[in-house]
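Below: one structure, written as structure tokens.
The values are calculated or read from the model by the stated rules, or taken from the named source; none is laboratory data. Keep in mind the model is a prediction, meaning the values are calculated, not measured. Note: ideal-geometry Cβ built from the backbone for every residue, glycine included; neighbour counts use all protein chains shown. We work out accessible area using only protein heavy atoms, side chains counted, and drop any ligands, DNA or RNA first. Shrake-Rupley method; radii C 1.70, N 1.55, O 1.52, S 1.80 Å.
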Amino acid sequence: MAGVYVHIPFCKSRCIYCDFFSTTSLEERTRYVNALCKEIEARRDYLHTSKQNGKVSIDTIYFGGGTPTQLSADDIKNVMECLHRIYDVSREAEITIEGNPDDLNRRMLDNLLKVGFNRLSMGIQTFSDERLRFLCRRHTAEAAAHAVEEAKRAGFGNISIDLMYGFPNETLSEWENDVSVAIGLGIQHISAYSLMYEEGTALYRMREEGKVEEVDEELSLSMYEMLMDKLEDAGFEHYEISNFSRPGFRSRHNSSYWNGIPYIGVGAAAHSFDGKSRQWNPSSLSCYITGMEGGTLSVEKEELSEWQRYDECIMTGLRTSDGVNLDALRQMFGNERLRYCMDCAEKYIHDGLLEIISSPYSLRLTRKGIFVSDSIMAELMSDED
Ligand code: SF4
């Protein structure tokens, strides 16, 4: 089955590291939601997957941002009702919303459950107030822990949090403390990323001006290793390079990206994939809203060549603990590309960085290989268009 991603590009304030498309001008929220509903209706036939009663069946919905919880309860409800009108949403669908801890009061949480969300993804990042202030996040560590408890009390049984490590001057034991606090929350899923200095962000400028210094690579690797050890000891499965879950709680929506399953993304800057091509909406609120209102939205599209699809398959597959399914690779791209992949993989298998598993027949990174995953992926990819 397929999934729908809904982009909500509103944030109350900007965090210094963020390069996602979002705006702090909140006045256009309801106009934006109306445009979203128009797009959902207009593109009802984008996905060519199975149908039920004339409607395309979907089994994941993901509201991401931005900060989806910056929408009013009525606006969120309107988008959900529209999705249910257009799609056959499976009874067991995973329906996720991203939220910031300071928006998640009991009333908001009850409303989210009422309109059908069953998974909450919270942008916590760290349990240090000092580091939260550095990032310009709006919440405190205490507010984050409180929001998780409220969400559990309200009835959310599938909660994910985002964490970051590798802050300037952060020590290994400070990061270990963050991981311990996260484990103690009794949540089902953790995504953890090293702090990135993306061009165009305030954080990037701070580094260029010498105001902050990036953590050194050796410490960053130790932080990642400690994260893996601690979460695995606590019973989490390390199922993707940056993602850990309790058994049975992998993110189904994100897993379908990594497995090459088609999805539609609606909203400004949202990307869609139909199995053969990608397309994306303009990264401008006004272009998106006026384009949808006037029926003139111009999208960009890229047809993927077979080699590009092969590259994506390698890149996304190797990120996961299941690895690249080699039988599926052969079926999709033929023996020649399978041979290309295995020829490139040979030296890494020999060095203990990649391994073959037999059931299903797959190629995956070993624990040692995870630390040099970027260079292994680059080596196995084709470099061709
Ligand atoms: S809340 Fe999220 S999307 Fe908004 S600025 Fe911060 S990191 Fe970016």
Just need a number here: residues in the range 348-360 that are touching a helix residue (DSSP H, G or I) at 6+ places or on another chain (Cβ under 7 Å) and surrounded by 15 or more Cβ atoms within 10 Å (Cβ to Cβ).
4
Spot the failing condition for ARG14; the list is (1) more than 20 Å from the chain's Cα centre (by Cα); (2) exposed (fewer than 15 other Cβ atoms within 10 Å of the Cβ); (3) of a type in the set (Lys, Arg), and only one is missed.
(1)
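Which one is least open to solvent (accessible area, probe 1.4 Å) among residues in the range 101-139 that are of a type in the set (Phe, Trp, Tyr) and away from the ligand (no atom under 16 Å from the Cβ)? First the steps, then the outcome.
Filtering the range 101-139 for residues of a type in the set (Phe, Trp, Tyr) gives 117, 127, 134.
This time we only want the ones that are away from the ligand (no atom under 16 Å from the Cβ), so: 117, 127.
Details: PHE117: 3, PHE127: 27 Å².
Among those that are of a type in the set (Phe, Trp, Tyr) and away from the ligand (no atom under 16 Å from the Cβ), it is PHE117.
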Looking across the range 140-157 at residues that are part of a loop (DSSP other than H, G, I, E, B) and open to solvent by 30 Å² or more (accessible area, probe 1.4 Å), the single one that is nearest to the ligand (Cβ to nearest atom) is THR140
Going through the range 319-338 one residue at a time, which ones are in contact with a strand residue (DSSP E or B) (Cβ under 6 Å, 6 or more places away or on another chain) and either of a type in the set (S, T, N, Q) or within 19 Å of HIS253 (Cα to Cα) (or both)?
ARG319, THR320, SER321, GLY323, VAL324, ASN325
Exactly one of GLU98, GLU92 is among the acidic types (Asp, Glu) and touching a Pro at 6+ places or on another chain (Cβ under 6 Å), and that residue is GLU98
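So, in the range 361-385, of the ones that are β-branched (Val, Ile, Thr) and touching a strand residue (DSSP E or B) at 6+ places or on another chain (Cβ under 8 Å), which residue ends up surrounded by the fewest Cβ atoms within 10 Å (Cβ to Cβ)? Step through it out loud before you land on a result.
Taking the range 361-385 and keeping what is β-branched (Val, Ile, Thr), we get 366, 370, 372, 376.
Now drop any that are not touching a strand residue (DSSP E or B) at 6+ places or on another chain (Cβ under 8 Å), which leaves 366, 376.
Values: THR366: 14, ILE376: 22.
The qualifying residue surrounded by the fewest Cβ atoms within 10 Å (Cβ to Cβ) is THR366.
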Take the conditions of a type in the set (Asp, Glu), closer than 23 Å to GLU240 by Cα and open to solvent by 40 Å² or more (accessible area, probe 1.4 Å) and apply them to ASP327. Does it pass?
yes
Answer yes if at least one residue in the range 55-69 is buried (at least 19 other Cβ atoms within 10 Å of the Cβ), at positive phi, assigned by TED's automatic domain parsing to the domain that holds LEU135 and not in a helix (DSSP H, G or I), and no otherwise.
yes
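Any residue at all in the range 241-248 that is farther than 24 Å from ILE76 by Cα, among the basic types (Lys, Arg) and surrounded by 16 or more Cβ atoms within 10 Å (Cβ to Cβ)? Talk me through it step by step, then tell me what you get.
Kept after step one, since they are farther than 24 Å from ILE76 by Cα, are these residues of the range 241-248: 241-248.
Remaining after also requiring among the basic types (Lys, Arg): 246.
Pick out the ones that are also surrounded by 16 or more Cβ atoms within 10 Å (Cβ to Cβ) and you get 246.
Yes, the range 241-248 has at least one match.
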Which of (1) modelled with pLDDT of 95 or more; (2) within 26 Å of ASN158 (Cβ to Cβ); (3) within 16 Å of the ligand (Cβ to nearest atom) is the odd one out, the single condition LEU83 does not satisfy?
(3)
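Somewhere in the range 5-26, is a residue out of contact with any Asp or Glu (no Cβ under 9 Å at 6 or more places or on another chain) and more than 16 Å from the ligand (Cβ to nearest atom)?
Start the filter on the range 5-26 by keeping residues that are out of contact with any Asp or Glu (no Cβ under 9 Å at 6 or more places or on another chain), which leaves 5-7, 9, 11, 13-16, 20-26.
Checking the rest, the ones that are also more than 16 Å from the ligand (Cβ to nearest atom) come to none.
No; the residues of the range 5-26 include none that is out of contact with any Asp or Glu (no Cβ under 9 Å at 6 or more places or on another chain) and more than 16 Å from the ligand (Cβ to nearest atom).
With the condition kept exactly as written, say whether any residue in the range 170-178 is touching a Ser or Thr at 6+ places or on another chain (Cβ under 7 Å), part of a helix (DSSP H, G or I) and buried (at least 17 other Cβ atoms within 10 Å of the Cβ).
yes
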State yes or no: is ALA182 within 16 Å of the ligand (Cβ to nearest atom), more than 28 Å from ARG43 (Cβ to Cβ) and not in a strand (DSSP E or B)?
no
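Can you pull out the helices (runs of 4 or more DSSP H) entirely within the range 185-304 that have at least 3 residues that are at pLDDT below 95 and under 16 Å from THR60 (Cβ atoms)?
In the range 185-304, the matching helices (runs of 4 or more DSSP H) lie at 252-258.
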All but one of (1) closer than 22 Å to PRO101 by Cα; (2) open to solvent by 30 Å² or more (accessible area, probe 1.4 Å); (3) touching a residue at least 24 places away in the same chain (Cβ under 8 Å) hold for GLY184; state the number of the condition that does not hold.
(3)
